[in-house]
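The values are calculated or read from the model by the stated rules, or taken from the named source; none is laboratory data. Just so it is clear, the structure is predicted and the values come from calculations on it, not from any experiment. Cβ placement follows ideal geometry from the backbone for every residue including glycine, while neighbour counts extend to all protein chains displayed. Surface accessibility is based on the protein's heavy atoms, side chains included, excluding ligands, DNA and RNA. Shrake-Rupley method; radii C 1.70, N 1.55, O 1.52, S 1.80 Å.
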Amino acid sequence: MQNHITPNFVFSPMIPDHGKGSRVWDREGREYIDLAGGIAVNALGHCHPALIEALTEQAGKLWHVSNIYTTEPAQTLAAKLTEHTFADKVFFCNSGAEANEAALKLARKYARDHFGEEKNEIIACVNAFHGRTLFTVSVGGQAKYSRDFAPLPPAITHVPFNDAEALAAAISEKTCAVIIEPIQGESGVLPADSAFLEAARRLCDQHQTLLIFDEVQTGMGRTAKLFAHEHYGVTPDIMTSAKALGGGFPIGAMLTTDKIASSLGPGTHGTTFGGNPLACAVANRAFDIINSPETLQHAEQQGRKLQAALTALGEETGVFQEVRGMGLLIGCVLAEPYRDRAGELIQTALNHGLMILVAGSNVIRFAPSLLIDDEDLEEGMKRLREALLSWRTQA
Ligand SMILES: *Cc1c(COP(=O)(O)O)cnc(C)c1O
(Lines give C-alpha, C1' and ligand atoms only; values in the text may rest on other atoms or scores of the structure.)
Protein backbone atom coordinates (compact mmCIF):
# COMPACT_ATOMS: atom_id res chain seq x y z
CA MET A 1 0.00 0.00 0.00
CA GLN A 2 1.35 3.45 -0.91
CA ASN A 3 1.50 5.96 1.91
CA HIS A 4 -0.35 9.24 1.34
CA ILE A 5 -0.41 10.31 4.99
CA THR A 6 1.90 13.06 6.32
CA PRO A 7 5.12 11.60 7.76
CA ASN A 8 4.47 12.74 11.36
CA PHE A 9 2.83 9.30 11.60
CA VAL A 10 5.28 6.48 10.98
CA PHE A 11 3.91 4.13 8.32
CA SER A 12 3.31 0.71 9.85
CA PRO A 13 3.25 -2.11 7.29
CA MET A 14 0.80 -4.02 9.52
CA ILE A 15 -2.53 -2.68 8.31
CA PRO A 16 -5.48 -3.58 10.56
CA ASP A 17 -8.60 -4.56 8.68
CA HIS A 18 -11.22 -5.63 11.22
CA GLY A 19 -11.59 -6.42 14.91
CA LYS A 20 -13.81 -8.18 17.41
CA GLY A 21 -13.46 -7.80 21.17
CA SER A 22 -9.74 -7.94 22.01
CA ARG A 23 -8.69 -9.41 18.66
CA VAL A 24 -7.72 -7.65 15.43
CA TRP A 25 -7.01 -9.07 11.96
CA ASP A 26 -4.77 -7.41 9.38
CA ARG A 27 -5.23 -7.34 5.59
CA GLU A 28 -3.33 -10.60 5.25
CA GLY A 29 -5.69 -12.28 7.72
CA ARG A 30 -3.10 -12.47 10.53
CA GLU A 31 -4.66 -12.29 13.97
CA TYR A 32 -3.45 -10.10 16.85
CA ILE A 33 -4.30 -9.80 20.53
CA ASP A 34 -4.97 -6.10 21.14
CA LEU A 35 -3.66 -4.88 24.50
CA ALA A 36 -3.23 -1.32 23.16
CA GLY A 37 -6.93 -0.52 22.75
CA GLY A 38 -6.27 2.21 20.19
CA ILE A 39 -4.34 4.11 22.92
CA ALA A 40 -6.84 3.62 25.75
CA VAL A 41 -9.82 4.39 23.49
CA ASN A 42 -11.53 1.04 22.81
CA ALA A 43 -12.71 0.51 26.38
CA LEU A 44 -15.25 -2.09 25.25
CA GLY A 45 -13.02 -3.72 22.65
CA HIS A 46 -13.68 -3.71 18.92
CA CYS A 47 -17.18 -3.69 17.41
CA HIS A 48 -19.13 -4.18 20.64
CA PRO A 49 -22.65 -5.19 19.52
CA ALA A 50 -24.35 -2.62 21.78
CA LEU A 51 -22.23 0.19 20.30
CA ILE A 52 -22.93 -0.99 16.74
CA GLU A 53 -26.62 -0.93 17.60
CA ALA A 54 -26.46 2.57 19.11
CA LEU A 55 -24.48 3.89 16.14
CA THR A 56 -26.66 2.36 13.42
CA GLU A 57 -29.88 3.34 15.18
CA GLN A 58 -28.74 6.96 15.40
CA ALA A 59 -27.33 6.86 11.85
CA GLY A 60 -30.83 6.31 10.54
CA LYS A 61 -32.23 9.18 12.58
CA LEU A 62 -30.05 12.32 12.76
CA TRP A 63 -26.32 12.87 12.23
CA HIS A 64 -25.60 16.52 12.66
CA VAL A 65 -27.40 19.79 13.33
CA SER A 66 -24.52 21.88 14.89
CA ASN A 67 -24.72 23.57 18.28
CA ILE A 68 -27.32 26.04 17.02
CA TYR A 69 -29.62 23.33 18.41
CA THR A 70 -29.29 20.91 21.27
CA THR A 71 -30.20 17.24 20.85
CA GLU A 72 -31.54 14.52 23.06
CA PRO A 73 -28.38 12.32 22.85
CA ALA A 74 -26.18 15.26 23.93
CA GLN A 75 -28.44 16.23 26.85
CA THR A 76 -28.76 12.62 28.00
CA LEU A 77 -24.99 12.11 27.95
CA ALA A 78 -24.37 15.39 29.78
CA ALA A 79 -26.95 14.38 32.40
CA LYS A 80 -25.18 11.05 32.95
CA LEU A 81 -21.76 12.66 33.21
CA THR A 82 -22.90 15.28 35.69
CA GLU A 83 -24.91 12.81 37.74
CA HIS A 84 -21.82 10.65 38.28
CA THR A 85 -19.20 13.37 38.83
CA PHE A 86 -18.65 16.61 40.76
CA ALA A 87 -19.69 18.58 37.68
CA ASP A 88 -22.92 20.44 36.82
CA LYS A 89 -22.26 21.31 33.17
CA VAL A 90 -20.54 19.73 30.17
CA PHE A 91 -18.97 21.18 27.02
CA PHE A 92 -18.68 18.58 24.26
CA CYS A 93 -15.98 18.58 21.61
CA ASN A 94 -14.20 16.00 19.45
CA SER A 95 -10.89 15.18 21.12
CA GLY A 96 -8.78 15.37 24.24
CA ALA A 97 -6.82 18.34 23.00
CA GLU A 98 -10.02 20.28 22.35
CA ALA A 99 -11.34 19.41 25.81
CA ASN A 100 -8.14 20.71 27.40
CA GLU A 101 -8.13 23.76 25.13
CA ALA A 102 -11.63 24.55 26.42
CA ALA A 103 -10.57 23.95 30.04
CA LEU A 104 -7.56 26.26 29.76
CA LYS A 105 -9.48 28.98 27.93
CA LEU A 106 -12.23 28.77 30.55
CA ALA A 107 -9.70 29.02 33.40
CA ARG A 108 -8.19 32.18 31.85
CA LYS A 109 -11.60 33.73 31.33
CA TYR A 110 -12.95 32.79 34.76
CA ALA A 111 -9.91 34.39 36.41
CA ARG A 112 -10.28 37.53 34.29
CA ASP A 113 -14.01 37.77 35.02
CA HIS A 114 -13.55 37.43 38.79
CA PHE A 115 -10.04 38.74 39.57
CA GLY A 116 -8.83 40.80 36.59
CA GLU A 117 -6.51 40.20 33.65
CA GLU A 118 -3.33 39.88 35.73
CA LYS A 119 -4.43 36.46 36.95
CA ASN A 120 -3.50 34.48 33.84
CA GLU A 121 -0.65 32.12 34.67
CA ILE A 122 -0.96 28.38 34.15
CA ILE A 123 1.07 25.78 36.01
CA ALA A 124 1.50 22.30 34.53
CA CYS A 125 3.83 19.39 35.18
CA VAL A 126 7.11 18.44 33.58
CA ASN A 127 6.51 15.57 31.09
CA ALA A 128 2.75 16.16 31.11
CA PHE A 129 0.78 15.50 27.93
CA HIS A 130 -2.35 17.51 27.19
CA GLY A 131 -2.74 17.35 23.39
CA ARG A 132 -1.33 18.84 20.19
CA THR A 133 -3.03 22.19 19.63
CA LEU A 134 -0.60 25.06 20.12
CA PHE A 135 -2.02 25.96 23.56
CA THR A 136 -2.22 22.37 24.86
CA VAL A 137 1.17 21.36 23.48
CA SER A 138 2.68 24.43 25.17
CA VAL A 139 1.01 23.55 28.47
CA GLY A 140 2.28 19.99 28.04
CA GLY A 141 5.61 19.48 29.70
CA GLN A 142 7.79 18.17 26.89
CA ALA A 143 9.64 20.88 24.99
CA LYS A 144 10.44 18.51 22.13
CA TYR A 145 6.75 18.56 21.13
CA SER A 146 6.34 22.35 21.25
CA ARG A 147 9.59 24.22 20.57
CA ASP A 148 9.51 23.87 16.77
CA PHE A 149 6.18 25.72 16.71
CA ALA A 150 7.35 28.85 18.56
CA PRO A 151 6.40 31.53 19.37
CA LEU A 152 4.35 29.73 22.00
CA PRO A 153 1.55 31.17 24.18
CA PRO A 154 3.07 32.86 27.26
CA ALA A 155 2.42 32.63 31.04
CA ILE A 156 2.87 28.85 31.30
CA THR A 157 5.27 27.30 33.82
CA HIS A 158 6.15 23.69 34.66
CA VAL A 159 6.92 22.03 37.98
CA PRO A 160 8.18 18.47 38.49
CA PHE A 161 5.34 15.93 38.78
CA ASN A 162 4.66 14.82 42.36
CA ASP A 163 6.71 17.72 43.77
CA ALA A 164 4.35 19.55 46.13
CA GLU A 165 7.10 21.91 47.32
CA ALA A 166 7.87 23.04 43.79
CA LEU A 167 4.16 23.64 43.20
CA ALA A 168 3.90 25.64 46.44
CA ALA A 169 6.88 27.74 45.33
CA ALA A 170 5.49 28.35 41.83
CA ILE A 171 1.84 29.17 42.63
CA SER A 172 0.78 32.75 43.34
CA GLU A 173 -2.24 35.04 43.20
CA LYS A 174 -1.45 35.35 39.47
CA THR A 175 -2.02 31.65 38.84
CA CYS A 176 -5.37 31.01 37.16
CA ALA A 177 -5.03 27.22 36.79
CA VAL A 178 -3.04 24.17 37.76
CA ILE A 179 -3.48 21.25 35.37
CA ILE A 180 -2.52 17.68 36.31
CA GLU A 181 -2.97 14.16 34.91
CA PRO A 182 -3.82 11.87 37.88
CA ILE A 183 -1.62 9.31 36.12
CA GLN A 184 0.88 10.69 33.60
CA GLY A 185 0.01 8.46 30.66
CA GLU A 186 2.04 9.32 27.59
CA SER A 187 5.25 9.92 29.51
CA GLY A 188 5.38 6.57 31.31
CA VAL A 189 2.22 5.56 33.23
CA LEU A 190 3.30 7.38 36.37
CA PRO A 191 0.59 7.66 39.07
CA ALA A 192 0.35 10.85 41.13
CA ASP A 193 1.06 10.60 44.85
CA SER A 194 -1.96 11.32 47.05
CA ALA A 195 0.08 13.95 48.87
CA PHE A 196 0.72 15.79 45.59
CA LEU A 197 -2.93 15.95 44.54
CA GLU A 198 -4.00 16.92 48.06
CA ALA A 199 -1.39 19.69 48.14
CA ALA A 200 -2.51 20.88 44.71
CA ARG A 201 -6.12 21.10 45.93
CA ARG A 202 -5.10 23.01 49.08
CA LEU A 203 -2.78 25.41 47.22
CA CYS A 204 -5.40 26.10 44.54
CA ASP A 205 -7.97 26.91 47.22
CA GLN A 206 -5.53 29.25 48.98
CA HIS A 207 -4.76 31.16 45.78
CA GLN A 208 -8.23 31.08 44.21
CA THR A 209 -6.80 29.02 41.39
CA LEU A 210 -8.76 26.43 39.41
CA LEU A 211 -7.57 22.83 39.62
CA ILE A 212 -7.93 20.99 36.30
CA PHE A 213 -7.61 17.22 36.09
CA ASP A 214 -6.86 15.89 32.63
CA GLU A 215 -8.60 12.49 32.70
CA VAL A 216 -8.52 12.05 28.93
CA GLN A 217 -6.54 8.82 29.32
CA THR A 218 -7.32 7.82 32.92
CA GLY A 219 -11.09 8.32 32.78
CA MET A 220 -14.05 6.18 31.80
CA GLY A 221 -13.21 3.07 33.78
CA ARG A 222 -9.58 2.79 32.71
CA THR A 223 -8.38 2.63 36.33
CA ALA A 224 -11.41 0.55 37.44
CA LYS A 225 -13.22 3.62 38.74
CA LEU A 226 -15.22 5.90 36.45
CA PHE A 227 -12.52 8.58 36.88
CA ALA A 228 -9.07 8.12 38.41
CA HIS A 229 -9.33 11.04 40.85
CA GLU A 230 -11.96 9.01 42.75
CA HIS A 231 -9.08 6.81 43.98
CA TYR A 232 -7.53 9.88 45.60
CA GLY A 233 -10.60 11.58 47.01
CA VAL A 234 -9.45 14.89 45.51
CA THR A 235 -12.01 16.79 43.42
CA PRO A 236 -11.02 19.18 40.64
CA ASP A 237 -12.83 22.33 39.49
CA ILE A 238 -12.62 21.32 35.84
CA MET A 239 -12.09 17.86 34.37
CA THR A 240 -11.51 16.73 30.81
CA SER A 241 -12.43 13.42 29.19
CA ALA A 242 -12.08 12.00 25.68
CA LYS A 243 -10.36 8.79 24.45
CA ALA A 244 -12.63 6.04 25.91
CA LEU A 245 -15.63 8.38 26.26
CA GLY A 246 -16.98 7.33 22.86
CA GLY A 247 -15.76 3.73 23.03
CA GLY A 248 -13.93 4.36 19.75
CA PHE A 249 -16.10 7.09 18.24
CA PRO A 250 -14.42 10.54 18.48
CA ILE A 251 -15.80 12.71 21.29
CA GLY A 252 -14.33 14.85 24.05
CA ALA A 253 -15.84 16.63 27.04
CA MET A 254 -14.96 19.34 29.50
CA LEU A 255 -16.84 19.16 32.79
CA THR A 256 -17.16 21.86 35.42
CA THR A 257 -19.40 23.43 38.04
CA ASP A 258 -22.27 25.85 37.39
CA LYS A 259 -20.33 28.73 38.91
CA ILE A 260 -17.29 28.27 36.68
CA ALA A 261 -19.34 27.38 33.61
CA SER A 262 -21.12 30.73 33.87
CA SER A 263 -17.97 32.37 32.48
CA LEU A 264 -18.76 30.65 29.18
CA GLY A 265 -21.54 33.00 28.14
CA PRO A 266 -23.20 32.74 24.71
CA GLY A 267 -20.63 32.94 21.93
CA THR A 268 -17.51 32.87 24.14
CA HIS A 269 -16.41 29.45 22.90
CA GLY A 270 -17.72 26.98 20.35
CA THR A 271 -17.40 24.01 18.03
CA THR A 272 -19.24 22.84 14.92
CA PHE A 273 -19.13 19.08 15.43
CA GLY A 274 -18.81 18.89 19.24
CA GLY A 275 -21.59 16.87 20.85
CA ASN A 276 -23.02 15.67 17.55
CA PRO A 277 -25.83 13.10 17.87
CA LEU A 278 -23.83 10.18 16.40
CA ALA A 279 -20.95 10.57 18.86
CA CYS A 280 -23.30 11.17 21.80
CA ALA A 281 -25.52 8.19 20.96
CA VAL A 282 -22.50 5.86 20.99
CA ALA A 283 -21.04 7.51 24.10
CA ASN A 284 -24.35 7.14 25.93
CA ARG A 285 -24.34 3.39 25.36
CA ALA A 286 -20.63 3.13 26.20
CA PHE A 287 -21.21 5.09 29.41
CA ASP A 288 -23.94 2.73 30.60
CA ILE A 289 -21.76 -0.34 30.04
CA ILE A 290 -18.56 1.17 31.47
CA ASN A 291 -20.25 2.73 34.50
CA SER A 292 -21.70 -0.55 35.75
CA PRO A 293 -20.41 -2.38 38.83
CA GLU A 294 -19.84 -5.47 36.64
CA THR A 295 -17.54 -3.71 34.18
CA LEU A 296 -15.61 -1.76 36.81
CA GLN A 297 -15.13 -4.88 38.96
CA HIS A 298 -14.07 -6.87 35.92
CA ALA A 299 -11.54 -4.18 34.97
CA GLU A 300 -10.16 -4.25 38.51
CA GLN A 301 -9.85 -8.01 38.53
CA GLN A 302 -8.31 -8.27 35.05
CA GLY A 303 -5.97 -5.39 35.93
CA ARG A 304 -4.69 -7.31 38.94
CA LYS A 305 -4.16 -10.41 36.79
CA LEU A 306 -2.32 -8.42 34.12
CA GLN A 307 -0.07 -6.69 36.69
CA ALA A 308 0.74 -10.06 38.28
CA ALA A 309 1.47 -11.68 34.90
CA LEU A 310 3.71 -8.78 33.85
CA THR A 311 5.54 -8.82 37.18
CA ALA A 312 6.18 -12.55 36.75
CA LEU A 313 7.39 -12.05 33.17
CA GLY A 314 9.69 -9.27 34.35
CA GLU A 315 11.18 -11.59 36.94
CA GLU A 316 11.55 -14.45 34.49
CA THR A 317 13.11 -12.45 31.64
CA GLY A 318 14.84 -9.59 33.46
CA VAL A 319 13.49 -7.12 30.88
CA PHE A 320 11.35 -5.06 33.31
CA GLN A 321 12.60 -3.31 36.43
CA GLU A 322 9.16 -2.07 37.55
CA VAL A 323 5.50 -2.69 36.77
CA ARG A 324 3.15 0.15 37.72
CA GLY A 325 -0.26 1.64 37.06
CA MET A 326 -3.88 1.25 38.10
CA GLY A 327 -6.71 -0.89 36.83
CA LEU A 328 -6.09 -1.61 33.15
CA LEU A 329 -3.58 1.19 32.56
CA ILE A 330 -0.25 -0.49 33.21
CA GLY A 331 3.34 0.41 32.37
CA CYS A 332 6.47 -1.75 32.50
CA VAL A 333 9.71 0.17 32.96
CA LEU A 334 12.58 -1.44 31.02
CA ALA A 335 15.57 -2.67 32.99
CA GLU A 336 18.93 -0.92 32.55
CA PRO A 337 20.37 -3.15 29.77
CA TYR A 338 17.28 -2.40 27.63
CA ARG A 339 17.02 1.32 28.42
CA ASP A 340 15.11 3.45 25.89
CA ARG A 341 14.34 0.52 23.58
CA ALA A 342 10.56 0.33 24.13
CA GLY A 343 9.94 1.07 20.44
CA GLU A 344 11.91 -2.02 19.38
CA LEU A 345 10.12 -4.20 21.89
CA ILE A 346 6.62 -3.27 20.71
CA GLN A 347 7.69 -4.02 17.13
CA THR A 348 8.88 -7.47 18.24
CA ALA A 349 5.58 -7.99 20.07
CA LEU A 350 3.69 -7.09 16.88
CA ASN A 351 5.69 -9.71 15.00
CA HIS A 352 4.49 -12.18 17.65
CA GLY A 353 0.83 -11.21 17.12
CA LEU A 354 0.48 -8.74 19.99
CA MET A 355 -0.46 -5.06 19.90
CA ILE A 356 0.99 -3.02 22.79
CA LEU A 357 2.09 0.60 23.26
CA VAL A 358 5.08 2.61 24.32
CA ALA A 359 4.79 5.37 26.92
CA GLY A 360 7.93 7.38 26.29
CA SER A 361 11.08 5.60 25.17
CA ASN A 362 11.60 3.44 28.28
CA VAL A 363 8.16 2.12 29.21
CA ILE A 364 5.82 -0.31 27.45
CA ARG A 365 2.17 0.37 28.11
CA PHE A 366 -0.98 -1.78 28.24
CA ALA A 367 -4.48 -0.33 27.86
CA PRO A 368 -6.67 -3.25 26.80
CA SER A 369 -10.44 -3.50 26.63
CA LEU A 370 -12.07 -3.27 30.07
CA LEU A 371 -14.02 -6.39 29.03
CA ILE A 372 -10.99 -8.52 28.13
CA ASP A 373 -11.53 -12.14 29.16
CA ASP A 374 -9.07 -14.61 30.69
CA GLU A 375 -8.46 -16.41 27.42
CA ASP A 376 -7.37 -13.29 25.52
CA LEU A 377 -5.32 -12.05 28.47
CA GLU A 378 -3.52 -15.40 28.79
CA GLU A 379 -2.93 -15.67 25.05
CA GLY A 380 -1.59 -12.09 25.08
CA MET A 381 0.83 -12.95 27.90
CA LYS A 382 1.94 -16.11 26.08
CA ARG A 383 2.77 -14.04 22.99
CA LEU A 384 4.48 -11.38 25.09
CA ARG A 385 6.63 -14.03 26.77
CA GLU A 386 7.72 -15.39 23.40
CA ALA A 387 8.43 -11.84 22.19
CA LEU A 388 10.46 -11.00 25.31
CA LEU A 389 12.52 -14.19 25.11
CA SER A 390 13.33 -13.77 21.41
CA TRP A 391 14.00 -10.02 21.76
CA ARG A 392 16.27 -10.58 24.74
CA THR A 393 18.49 -12.96 22.80
CA GLN A 394 18.76 -10.53 19.86
CA ALA A 395 19.24 -7.56 22.18
C1 LIG B 1 -4.42 11.48 24.48
C2 LIG B 1 -4.36 12.56 25.49
C3 LIG B 1 -4.70 13.89 25.18
C4 LIG B 1 -5.01 14.33 23.76
O5 LIG B 1 -6.14 13.74 23.23
P6 LIG B 1 -6.43 13.82 21.64
O7 LIG B 1 -7.75 13.19 21.49
O8 LIG B 1 -5.31 13.10 20.96
O9 LIG B 1 -6.42 15.27 21.29
C10 LIG B 1 -4.73 14.82 26.19
N11 LIG B 1 -4.42 14.47 27.45
C12 LIG B 1 -4.09 13.23 27.80
C13 LIG B 1 -3.78 12.91 29.23
C14 LIG B 1 -4.03 12.22 26.83
O15 LIG B 1 -3.66 10.99 27.17
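In a GNM of the chain with a 10 Å cut-off on Cα contacts, which of Gly274, Gly29, Gly219 has the highest mean-square fluctuation? Largest GNM mean-square fluctuation: Gly29.
Taking a point 7 angstrom from the Cα of Glu28 along the C-beta vector, which residues in the range 351-394 have backbone N less than 15 Å away? Within reach of a label on Glu28, which here means backbone N under 15 Å from a point 7 Å along Cα→Cβ, the range 351-394 contributes 351-354.
When restricted to Cα atoms, the range 115-202 yields an Rg and a Dmax of 12.9, 37 Å, respectively. Accessible surface ranking for Arg147, Arg383, 1.4 angstrom probe, highest first: Arg147, Arg383. Per atom type, the range 44-154 shows carbon and sulfur on 56% of its accessible surface, probed at 1.4 Å. For the range 295-332, backbone nitrogen atoms closer than 20 Å to the point 7 Å from Asn351 Cα along Cα-to-C-beta are found at 317-320.
Label-to-label distance for Ile52 and Ser361 is 4.3 nm, based on points extended 7 Å past Cα in the beta-carbon direction. Taking the range 50-290 on its own, what percent of its Cα-Cα pair distances exceed 34 Å? Roughly 13 percent, once rounded to a whole number.
As a calculated quantity, the FRET efficiency between Glu83 and Glu173 at R0 = 35 Å, using C-beta atoms, amounts to about 0.50. Placing unit charges on the Cβ atoms of the charged side chains and taking the dipole of the chain about its Cα centre, the candidate lying farthest along the positive direction among Gly265, His46, His229 is Gly265.
Expressed as a whole percent, the accessible surface of the range 292-395 that belongs to carbon and sulfur atoms is 49, based on a 1.4 Å probe. For the chain, the longest principal axis of the C-alpha atoms and the axis of helix 96-115 are separated by about 20°. The figure for His207 is an accessible area of roughly 50 square angstrom, using a 1.4 Å probe on the protein chains alone.
Report, for the range 50-290, the % of DSSP beta bridges that are antiparallel, rounded to 5. Beta bridges within the range 50-290, antiparallel portion: roughly 45 percent.
In this rough spin-label picture, where each label sits 7 Å from Cα along the Cβ direction, the Asp205-Ala155 distance is 2.6 nm. A cut-off under 12 angstrom between Cβ atoms defines the neighbours of Gly252, and their net charge, with Lys, Arg +1 and Asp, Glu -1, is -3.
Helix-derived [θ] at 222 nm for the chain: sum -39500 (n - 2.57) over DSSP H runs of at least 4, divide by residue count, nearest 500?
It lands at -12000 deg cm²/dmol.
In the full protein context, the range 50-290 carries 40 Å² of accessible surface per residue, based on a 1.4 Å probe and ignoring ligands, DNA and RNA.
Considering every Cα-Cα pair within the range 149-295, what fraction, in whole percent, is farther apart than 24 Å? Tail fraction, whole percent: 40.
Using Cβ point charges alone (K and R +1, D and E -1), the dipole size of the range 88-225 about the Cα centre works out to roughly 240 debye. Compared with the alpha-carbon gap, the fully stretched path from Ile5 to Thr76 is longer by 21.9 nm at 0.36 nm per residue.
Using heavy atoms of the protein chains and a probe of 1.4 Å, the accessible area assigned to Tyr69 is about 140 Å². Within the assembled protein chains, the solvent-accessible surface assigned to Met1 is about 140 Å², based on a 1.4 Å probe. Remark on His46: its backbone amide H falls under 5 Å from those of Lys20, Gly21, Ser22, Arg23, a criterion applied only to residues 5 or more positions apart or on other chains, H modelled at 1.01 Å from N. Charge dipole (Cα centre; +1 on Lys/Arg Cβ, -1 on Asp/Glu Cβ; no other charges) of the chain amounts to roughly 600 debye. A crude spin-label estimate for the pair Met14 and His114, with each label 7 Å from Cα along the Cβ direction, gives 4.8 nm. For the range 349-395, the solvent-accessible area with a 1.4 angstrom probe is 38 square angstrom per residue.
Dipole of the chain computed with +1 at Lys/Arg Cβ and -1 at Asp/Glu Cβ about the Cα centre; of Ala111, Thr317, Ala200, farthest Cα towards the positive end is Ala111. Please list, in order, the residues from the range 314-328 whose amide nitrogen is less than 17 Å from a point placed 7 Å along the Cα→Cβ vector of Gln301. Inside the label zone: 327-328.
Straight-distance candidates among the lysines for linking to Lys80, with alpha-carbon spacing under 23 Å and chain neighbours fewer than 8 residues away dropped: Lys61, Lys89, Lys225, Lys243, Lys259.
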